[in-house]
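Before any comments, here is the structure.
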Amino acid sequence: MPRKSLKNLCYYTYMIGSIRGKIILKQERFVIVEAHGVGYKVALSPDTISKLKNAEESFFYIHTHVREDAFDLYGFTEYEELEFFEMLINVSGIGPKGALTILAVASTDTLKRAIKTSDLPYLTKISGIGKKTAEKMVIELRDKIGAVVTTGSLQGELDALEALKSLGYSQNEAREALRDLPAELDTNKKIKEALKVLGKK
């Protein structure tokens, strides 16, 4: 591709802020969204993918990550999640794939609460996050995060998640069941309430 055309393509991809189109292929880590006759490969968190169906129209806020050999699109159904993703990738040592891994482990609100309260034990349990990276997340993001709900135990949430997984539920199923439960519930009550939610599905 001529240098001028490549430069124009780089400029164009930076301008992608959102995509609305039909899901024509769904895989474990990404979907293909067809919009105006063009198929876009969009990386998503497992939690988001689990809620999508083939052939349905979907809307995603987009972060475009430009590399020398690729233009990667990362999609989010909520603008708040996109904002938090972009905060994460500005932390030294966390790239886009690592940020998606972090978002797959807990909700945005839970992660913000862990950072705001400097809960390093919770953050270091996240896959791919070591102690130094967790410390950087706290130092670099704590003052950038607004007010969050700080009641309830983050360790209790993680324990409840692991308990549900040990009963045979997937991480996505467990997270979804725990997501909207009151933060002040203790671990046992969270497990009981989550099982009620899962039993209705």
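For the reader, a short list of remarks on this structure follows.
- Estimated from the Cβ-Cβ distance and a Förster radius of 30 angstrom, the FRET efficiency linking GLU86 and VAL197 is about 0.45.
- The slack in the chain from GLU57 to THR117, taken as 0.36 nm per residue of separation less the alpha-carbon distance, amounts to 17.8 nm.
- For TYR169, TYR122, order by how many other beta-carbon atoms lie within 10 Å, fewest first: TYR169, TYR122
- GNM remark for the chain: springs join alpha carbons under 10 Å apart, and the peak mean-square fluctuation among THR48, THR117, THR133 falls on THR117.
- Virtual spin-label span in nm between GLU78 and LYS22, 7 Å along Cα→Cβ: 2.9 nm
- Rounded Å value of the spacing that divides the Cα centres of the range 31-89 and the range 96-111: 14 Å
- Among ALA134, ALA177, ALA55, the largest mean-square fluctuation in a Gaussian network model of the chain (Cα springs under 10 Å) belongs to ALA55.
Each value in this text was obtained by applying a stated rule to the coordinates, not by laboratory testing. Keep in mind it's a predicted model, so treat the numbers as computed, not measured. Ideal geometry is used to build each Cβ from the backbone, glycine not excepted, and the neighbour counts take in all protein chains shown.
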